[in-house]
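To start, the structure under review is shown below, and the notes come after it.
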Ligand SMILES: [Ca+2]
């Protein structure tokens, strides 16, 4: 399943192509494109195993679920339909592209031209599912919580067949269906109030006998209805229809709208909302860890709940017969060594026959491990350990030190804090896969691929310091005198 174009071509893939998908934002992945990740040439089996985990966690984070998809609008700066059904939405003048979430989104100003529309997508006489990320405007021109705002609808001559919306009567989100003559309305309503400025994932389902509303991947409301009629007058994002005219124009932002011609299960809705990714890909402090390489046809079976060092250890144990509890206990005095234990063993040469010290940054190869010792400066962590994908290039843009050369190193690791900040200009060339998802106040954690900056002494070529990402400030740059760094090859 993992694409290895780099391996097939035999050439290292450099630059932004490492995270394909969003044309406008090289650092992000479109929800339907993560299978195209051009991974680096892999000669180290444990790197391949780590990449497989990243790959599936990326699919989960993007809500990858193509089965039955009749329309999918990632809204990454274009109205394109990525479902393969070629149903692009056309924007009214009250809709504009925005970048509140990684990859981009669509913002509506609440005026009469606030919409994006295409011809009818769903056969609304049969069960269907519709979903979207929504965010009511806050700031200088906030949404009015006394006003009805519809995020997604599909319309007949007079009224919308269904509405995924904010309803001021309940002060929260709702999924509704109507009769063709507008005489009947059935609502499934959320249980907690909606707030301004909060990205929320909504899914509405009609299964033939009931409607269901899911909020952030969890079922929050249901109602019985067998209403069935064909809504043939268009699929709308950002508005609804009543008495034959547009109403409920959205004020805020909408992203990743999907229409499925079937009922999605609760587990599937958990996937498309990103909830499963949040559950399965977690950074843990402490000794507990669960790292499970699942099966390709079951995304949800891939689990990466660990800290940096336990993730690396589980990758080695999963890949090599020698990487046993007995080995690590013999050479590291622990079944699952801490990052500082790895650093010390690499430096002292005490890691046993399967770890060979690498001193120079320019000698690093794919699969090598780099361990940093925090020297007791962090109460929660002894340090950090990463697996190298490639030494990408010499970086000279900022935070340079005399007598040292700065290298951007692409790494696989498990962290609570992605490497870099989406949207800063320097980030795009050195992105982090954990930024597939929400960047609006979220801190996407877990296993992923990102870039750290390691420095080498011009005199010796050995590690001299590091910083967490291309965006990290000089003040967050650590010299080896304060935080020792050591690397090793797995042999
Ligand atoms: Ca988007």
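Side notes on the structure shown:
- Residues that are touching a residue at least 24 places away in the same chain (Cβ under 8 Å) and out of contact with any strand residue (DSSP E or B) (no Cβ under 8 Å at 6 or more places or on another chain) within the stretch 285-319 comprise 285, 287, 293, 296, 299, 300, 313, 319, listed in sequence order.
- In the stretch 411-436, the residues that are not assigned by TED's automatic domain parsing to the domain that holds residue 452 form no Cβ pair under 7 Å with any partner that is surrounded by fewer than 22 Cβ atoms within 10 Å (Cβ to Cβ), whether six or more places apart or across chains.
- Tally, over the stretch 142-167, of residues that are in a loop (DSSP other than H, G, I, E, B) and touching a residue at least 24 places away in the same chain (Cβ under 8 Å): 10
- Breaking point among (1) within 14 Å of residue 133 (Cβ to Cβ); (2) free of Cβ contacts under 8 Å to residues at least 60 places away in the same chain, for residue 192: (1)
- Residue 244 meets each of the listed conditions (1) away from the ligand (no atom under 16 Å from the Cβ); (2) closer than 20 Å to residue 62 by Cβ apart from (2).
- Test: residue in the stretch 275-283 that is buried (at least 23 other Cβ atoms within 10 Å of the Cβ) and in a strand (DSSP E or B): yes
- There is at least one residue in the stretch 64-74 that is surrounded by fewer than 21 Cβ atoms within 10 Å (Cβ to Cβ), within 16 Å of the ligand (Cβ to nearest atom) and within 30 Å of residue 388 (Cβ to Cβ).
- Qualifying residue in the stretch 260-273 (condition: within 30 Å of residue 231 (Cβ to Cβ), outside the structural domain of residue 127 (by TED's automatic domain parsing) and within 16 Å of the ligand (Cβ to nearest atom)): yes
- Residue count, the stretch 437-470 (criterion: modelled with pLDDT of 85 or more and either in the same structural domain as residue 254 (by TED's automatic domain parsing) or not in a strand (DSSP E or B) (or both)): 8
Conditions (1) at pLDDT below 95; (2) more than 16 Å from the ligand (Cβ to nearest atom); (3) buried (at least 23 other Cβ atoms within 10 Å of the Cβ), marked per residue:
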residue: 108; (1), (2), (3): no, no, yes
residue: 115; (1), (2), (3): no, yes, yes
residue: 118; (1), (2), (3): no, yes, no
residue: 123; (1), (2), (3): no, yes, no
residue: 148; (1), (2), (3): no, yes, no
residue: 163; (1), (2), (3): no, yes, yes
residue: 172; (1), (2), (3): no, yes, no
residue: 185; (1), (2), (3): no, yes, no
residue: 189; (1), (2), (3): no, yes, no
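- Residue match in the stretch 352-365 (condition: over 22 Å from residue 47 (Cα atoms) and assigned to a helix (DSSP H, G or I)): no
- Residues of the stretch 77-100 satisfying the condition of being within 14 Å of the ligand (Cβ to nearest atom), over 27 Å from residue 298 (Cα atoms) and assigned to a loop (DSSP other than H, G, I, E, B): 77, 78, 79, 80, 89, 99, 100
The values are calculated or read from the model by the stated rules, or taken from the named source; none is laboratory data. Everything numeric in this text was worked out from a predicted model, so none of it was measured. Here Cβ is always computed from backbone atoms with ideal geometry, including for glycine, and neighbour counts include all displayed protein chains.
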